[in-house]
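Beneath this line is the structure, given in structure tokens, with notes to follow.
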Amino acid sequence: MKNKLAKGISLVTVAPVMALFTVLLSFAYRPEYFSGFGWLIYTIVFLTLLPLSAYPLHILIPASKKQGRKGERKMAFILAIISYVLGTIITFVLDAPLIVKKIFMAYLLSGLFLTFVNRVLKFKASGHACGVAGPITLISSIIGIKFIWLFLLMPIVFWSRINLGRHSIQELITGTFVGIISTLVAVNIV
């Protein structure tokens, strides 16, 4: 039972699902920031649907499927970065509303910072922790500090990832700080 609960928490806190939650909550509170439904749909496609397509693609591509979980993680990471980069470029080319630019820049910088920590510094920072802490920081920035209480979800994410044997406490804390810092940088440079 405990393992099923941990897996369930892990599934609903994956970065694309958190992106959907972030975008829908932001739109619900600040629809005027999006200048209509077009940019809302665009954001959902690039931050949720395209990254989530990695999971069925993983099953369909024999080389990825053969690698198991490692192949699945690699496919998810590749599709997320492609969709973040492409989505961010298009938001600037088409002069999206400021909030859409900030959201995309936050996801792009989180992905880049996480890559730097994991690949260059050779420290396995938690993408899950980053993918929850960053959106909470973003929501607090867009809607207001009253949503800072969402950080109370972090211990649940930590418990889930530790229970599944995916991360240590240090990796989770590092991922959390990567998410917060990269998001704060993004919302302040755009």
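For every residue, the table says whether it meets (1) within 23 Å of HIS128 (Cβ to Cβ); (2) out of contact with any strand residue (DSSP E or B) (no Cβ under 8 Å at 6 or more places or on another chain); (3) not aliphatic (A, V, I, L, M).
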{"site": "ARG30", "(1), (2), (3)": "no, yes, yes"}
{"site": "SER35", "(1), (2), (3)": "no, yes, yes"}
{"site": "LEU47", "(1), (2), (3)": "yes, yes, no"}
{"site": "SER53", "(1), (2), (3)": "yes, yes, yes"}
{"site": "PRO62", "(1), (2), (3)": "no, yes, yes"}
{"site": "LYS70", "(1), (2), (3)": "yes, yes, yes"}
{"site": "PHE77", "(1), (2), (3)": "yes, yes, yes"}
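Is it the case that the stretch 39-58 has a residue that's assigned to a helix (DSSP H, G or I), open to solvent by 70 Å² or more (accessible area, probe 1.4 Å) and in contact (Cβ under 8 Å) with a residue 40 or more places away in the chain?
no
Name the single residue, out of those in the stretch 1-38 being of a type in the set (Phe, Trp, Tyr) and free of Cβ contacts under 8 Å to residues at least 40 places away in the same chain, that is nearest to LEU172 (Cα to Cα).
Taking the stretch 1-38 first, the residues of a type in the set (Phe, Trp, Tyr) are 21, 27, 29, 33-34, 37.
Narrowing the set further to residues that are free of Cβ contacts under 8 Å to residues at least 40 places away in the same chain leaves 27, 37.
Working: PHE27: 29, PHE37: 35 Å.
Among residues in the stretch 1-38 that are of a type in the set (Phe, Trp, Tyr) and free of Cβ contacts under 8 Å to residues at least 40 places away in the same chain, the one nearest to LEU172 (Cα to Cα) is PHE27.
Here is a yes/no grid of residues against (1) among the charged types (D, E, K, R); (2) over 22 Å from ARG69 (Cβ atoms); (3) in contact with a Ser or Thr (Cβ under 9 Å, 6 or more places away or on another chain); (4) not in a helix (DSSP H, G or I):
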| residue | (1), (2), (3), (4) |
| --- | --- |
| ILE148 | no, yes, yes, no |
| PHE151 | no, yes, yes, no |
| MET154 | no, yes, yes, no |
| SER160 | no, no, yes, no |
| GLY165 | no, no, no, yes |
| GLY175 | no, no, yes, no |
| VAL178 | no, no, yes, no |
| VAL185 | no, yes, no, no |
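Mind checking which residues of the stretch 26-38 are in a helix (DSSP H, G or I), out of contact with any Leu (no Cβ under 7 Å at 6 or more places or on another chain) and open to solvent by 30 Å² or more (accessible area, probe 1.4 Å)? Outline the logic, then answer.
Step one: filter the stretch 26-38 for residues in a helix (DSSP H, G or I), giving 26-29, 31-34, 37-38.
Then keep just the ones that are out of contact with any Leu (no Cβ under 7 Å at 6 or more places or on another chain); that gives 26, 28-29, 31-33, 37-38.
ALA28, TYR29, PRO31, GLU32, TYR33, PHE37, GLY38, listed by residue number.
For the stretch 142-190, how many residues are among the basic types (Lys, Arg) and open to solvent by less than 20 Å² (accessible area, probe 1.4 Å)?
So in the stretch 142-190, the residues among the basic types (Lys, Arg) come out as 146, 161, 166.
Now drop any that are not open to solvent by less than 20 Å² (accessible area, probe 1.4 Å), which leaves 161.
Total meeting the criteria: 1.
Considering each residue of the stretch 92-117, count those that are open to solvent by 50 Å² or more (accessible area, probe 1.4 Å) and part of a helix (DSSP H, G or I), and give that number.
The first filter runs over the stretch 92-117 and keeps only residues open to solvent by 50 Å² or more (accessible area, probe 1.4 Å), leaving 92-95, 98, 112-113, 116.
Filter once more, keeping what is part of a helix (DSSP H, G or I): 92-93, 98, 112-113, 116.
The total comes to 6.
For the stretch 136-168, what are the residues that are closer than 26 Å to LYS7 by Cβ and in contact with a Phe, Trp or Tyr (Cβ under 7 Å, 6 or more places away or on another chain)?
Restricting attention to the stretch 136-168, the residues satisfying the condition of being closer than 26 Å to LYS7 by Cβ are 136-139, 149-168.
Residues satisfying the conditions are ILE136, ILE139.
Among the residues of the stretch 127-140, is there at least one that is open to solvent by 10 Å² or more (accessible area, probe 1.4 Å) and more than 20 Å from SER10 (Cα to Cα)?
Yes, the conditions are met somewhere in the stretch 127-140.
The values are calculated or read from the model by the stated rules, or taken from the named source; none is laboratory data. Note that this is a predicted model, so its numbers are computed, not measured. No Cβ is skipped: glycine too gets one built from the backbone with ideal geometry, and neighbour counts run over all protein chains shown. Heavy atoms of the whole protein, side chains included, go into the accessibility calculation; ligands, DNA and RNA do not. Shrake-Rupley method; radii C 1.70, N 1.55, O 1.52, S 1.80 Å.
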